[in-house]
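In what follows, a structure is listed as structure tokens, so that the remarks can point back to it.
What follows is calculated from the coordinates using simple rules that are stated; it is not laboratory data. Only a predicted model underlies this, so the values are computations on that prediction, with no experimental measurement involved. Every residue, glycine among them, receives a Cβ derived from its backbone with ideal geometry; neighbour counts consider all protein chains shown.
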Amino acid sequence: MPMPACFLSLWRVGVFIAALMPLIWWGWQIANNMAGPEPGRYLLLNIGQGALWLLLLTLSLTPLTKLTRWKGFSLIRRQLGLWALAYAAMHLLCYVLFILGLNWAQLGSEIVNRPYIIVGMLALLGLIALGITSNRWSMRKLGKRWKTLHKANYAILGLVLLHFLWVVRADMQEWLIYAAIGALLMCLRIPPISRTLPKLRQRIKHSA
Ligand code: HEM
């Protein structure tokens, strides 16, 4: 059954507010001394995790559309992708402000001591490239190449997971959960598996 246009607009606004809320919540926690002894690092880590969540959510929208045929999922794909980019940019800003302390001379030794920073930067550059080309004009200009370019999302996810793994090396439990979700989403993109999603929808519909 087609959804009324006003419902879809509300859905988009709702998603926008939901993506904004964690930032307000972390800001409120910091303002009220609830963010521990290192609020800058607290913000850096939370925003980094937020960016990863948003990336995973963005990648889940295509399989969800195939499974449910609901237009609402594809309607928020660009918005969530841009939110992932915005969070990743804020994560970098936190790093520059609170870890590097704007001390650019230290950047060289930081990169040597924490090589995962280069991996993070590559992921951010990828997100920027996808963000810049996420508009209709680029879609038209790039034609078929647009789809190929936007498949880079999976390479970006791989880089982010590597970046995260490097950070948490000792305690891998949390990382494994993210990696498993990422692997599942990648599997759902494999053509023979992806083709089964609409069939699965039909089967669920008939058995209901
Ligand atoms: C732009 C370049 C980037 C820099 C300089 C950077 C820097 C950092 C740093 C310093 C940490 C914390 C390490 C520690 O525990 O001391 C970190 C953790 C993390 N970063 Fe990045 N990062 C970058 C890009 C990204 C991107 C693009 C994403 C996701 C889209 C991301 C997601 C994460 C995650 C999930 C963590 C772990 C958070 C946790 O342990 O809870 N980072 N990053």
*asked:* Just want the answer: with Cβ charges of +1 for Lys and Arg and -1 for Asp and Glu, which residue in 176, 127, 33 is farthest toward the dipole's positive end in the chain?
replied: 127
*With runs of 4+ DSSP H residues as the only contributors, calculate the mean residue ellipticity of the chain at 222 nm using -39,500 (n - 2.57) per run, divided by the residue total and rounded to the nearest 500.*
-26500 deg cm²/dmol
*How big, on average over all directions, is the shadow cast by the Cα convex hull of the range 46-128, in nm²?*
5.8 nm²
*Using a simple spin-label model with points 7 Å from Cα along the Cα→Cβ vector, what separation in nm is obtained for residue 122 and residue 141?*
2.6 nm
*For the chain, find the longest principal axis of its Cα atoms and tell me its angle to the long axis of helix 5-31, 0 to 90°, nearest 10.*
20 degrees
*Which angle between 0 and 90 degrees, to the nearest 10, do you get for helix 173-187 versus the longest principal axis of the chain when only C-alpha atoms count?*
30 degrees
*Zero-based 10 Å bins, Cα pair distances in the chain, whole percents*: 7, 28, 35, 21, 8, 1, 0
*Which of the lysines could be linked to residue 141 by a straight reach, that is with a Cα gap under 24 Å, when you skip same-chain ones fewer than 8 residues away?*
151
